[in-house]
1. Which residue out of 77, 37 is at pLDDT 95 or above and surrounded by 15 or more Cβ atoms within 10 Å (Cβ to Cβ)?
2. Pairs only if they're at least six apart or on different chains, beta carbon under 8 angstrom, first in segment 26-40 and closer than 16 Å to residue 60 by Cα, second polar (S, T, N, Q) and surrounded by 19 or more Cβ atoms within 10 Å (Cβ to Cβ); list them, first residue then second.
3. Kindly list the number of the only condition in (1) farther than 18 Å from residue 36 by Cα; (2) modelled with pLDDT under 90 that fails for residue 108.
4. Condition check: at pLDDT below 95, over 22 Å from residue 16 (Cα atoms), of a type in the set (Lys, Arg) and not in a strand (DSSP E or B). Does residue 93 satisfy that?
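The values are calculated or read from the model by the stated rules, or taken from the named source; none is laboratory data. Just so you know, these numbers come straight off a predicted model, no measurement behind them. Note that we place each Cβ from the backbone using ideal geometry, even for glycine, and neighbour counts take in every protein chain shown.
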Amino acid sequence: MSNIVADPTPAAALLFDSLKEVEQTVGLPLYLTLLAIAREPGLSINELAERIAVPQQTASRYVASLQGRYDSPGREIGPVPLVRIDISQADPRSRSLHLTPAGSKRLDRLLRLLNTSR
């Protein structure tokens, strides 16, 4: 049994402190979206929705936010998109999601914070 399961308090504190250090413009749902796309580049919106367990419309809104096309108050991503949408190589009727270099940098920063907080 890992320490995280045996005593979740230190792990929760570590995660909380690490996430607090990350800029507030990208919340946990958007980070989960970035992580899902990083794990499986080329996901469709429908596949993304399945992976992060949200309705397709919500996944679409998350992607639009990460592209800087949909901003809610206090969550402005800025002029540099974190996700790009390409035409799928497998099916030209479908779209595939990929991180932009800025999206990769943002995710790397989070992962670095998590690793250095251990």
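1. Selected residue: 37, the only one of 77, 37 that is at pLDDT 95 or above and surrounded by 15 or more Cβ atoms within 10 Å (Cβ to Cβ).
2. 30/65
3. (1)
4. yes
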